[in-house]
Amino acid sequence: MFNGIIKNTGLITRIFRKKNNCILEISSKMKISNNEIGSSICCSGTCLTIEKYNKNFIQFYVSKETIKKTSFKSLKKGSVINLEKSLKFGERISGHFVQGHVDTTCTVGTIQLVGRSRLINLKLPNKFMHYLIPKGSITLNGVSLTIAKILKNGFQISIIPHTLKLTNLIYLKKKDLINIEFDILGKYIKNLTK
């Protein structure tokens with residue numbers, strides 16, 4: 001479990017792809033200890049397990065299903081990844097509950113500068129629109145955000161300068177793919193009311 005408050009990013013230094021398997025090596029200033037091997041890290045919204053660690057990189061295995069469901073299919077060496085360690089019991093939750101289970105991806109539409117913030121319109125497949133609630137929580141690339149407005153074919157978010165500074169959302173451009181996790185409470189309620 002995570003809370004979508006990103007304080008660290010990493011840079012993909014190597015990608016090993018073999019048939020249906022993929023191994024990522026990420027360099028980051030995030031502090032990891034050897035006893036955290038096997039722990040979960042939220043990598044741009046996707047919960048991955050640390051397989052190896054040394055002072056130069058953190059290594060993760062990425063399954064075929066994860067590649068299929070996420071923006072990882074378009075990642076390249078040099079891509080910036082948002083990183084968040086799992087929550088510890090008793091820690092402050094500043095965002096919202098995030099599982100690291102990506103529901104789908106969306107595509108960046110327009111990006112508008114408003115002062116030092118950015119208003120971003122995102123295109124979402126119609127079958128997911130019922131998960132969107134104005135002023136509701138949503139996770140984009142692992143970042144806890146608030147939906148500013150529902151659009152005909154997606155939604156709009158506003159990203160403040162502090163969040164831009166600390167995350168890979170500052171690098172977004174038109175047509176980029178973004179990992180989305182809808183609010184877990186909304187998903188359970190939707191499932192119970194079917």
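The values are calculated or read from the model by the stated rules, or taken from the named source; none is laboratory data. These numbers were taken from a predicted model, which means no experiment stands behind them. For neighbour counting, all protein chains shown are included, and Cβ atoms are generated from backbone atoms with ideal geometry for every residue, glycine included.
See the values below:
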| quantity | calculated |
| --- | --- |
| Residue check for Leu177: crowded, with 16+ Cβ neighbours inside 10 Å, in the same structural domain as Leu132 (by TED's automatic domain parsing) and closer than 20 Å to Lys123 by Cβ | yes |
| Selection status of Glu91, surrounded by fewer than 13 Cβ atoms within 10 Å (Cβ to Cβ) and in a helix (DSSP H, G or I) | no |
| Ser86 vs. criteria of a type in the set (Gly, Ala, Ser) and more than 18 Å from Asn34 (Cα to Cα) | no |
| Of residues in the range 14-29 being touching a residue at least 12 places away in the same chain (Cβ under 8 Å) and exposed (fewer than 12 other Cβ atoms within 10 Å of the Cβ), the one farthest from the chain's Cα centre (by Cα) | Asn20 |
| Identity of the residue in the range 130-153, outside any loop (DSSP other than H, G, I, E, B) and farther than 19 Å from Gly45 by Cα, that ends up modelled with the lowest pLDDT | His130 |
| Counted residues, the range 148-193 - those being among the small types (Gly, Ala, Ser) and free of Cβ contacts under 8 Å to residues at least 40 places away in the same chain | 1 |
| Failed item in (1) surrounded by 14 or more Cβ atoms within 10 Å (Cβ to Cβ); (2) aliphatic (A, V, I, L, M); (3) free of Cβ contacts under 8 Å to residues at least 40 places away in the same chain, with Leu113 passing the rest | (1) |
| Whichever residue in the range 35-73 is closer than 19 Å to Thr139 by Cα and among the polar types (S, T, N, Q) and, among such residues, is surrounded by the fewest Cβ atoms within 10 Å (Cβ to Cβ) | Ser40 |
| Residue satisfying condition, being surrounded by fewer than 20 Cβ atoms within 10 Å (Cβ to Cβ), among the basic types (Lys, Arg) and within 27 Å of Asn8 (Cβ to Cβ), within set Lys152, Lys135, Lys165 | Lys165 |
| Hits in the range 1-12 (condition: of a type in the set (Val, Ile, Thr) and in a loop (DSSP other than H, G, I, E, B)) | Ile5, Ile6 |
| Residue match in the range 13-24 (condition: part of a loop (DSSP other than H, G, I, E, B) and polar (S, T, N, Q)) | yes |
| Residue within the range 45-62 that is closer than 20 Å to Phe182 by Cβ and either among the polar types (S, T, N, Q) or over 16 Å from the mean Cα position of the chain (by Cα) (or both) present | yes |
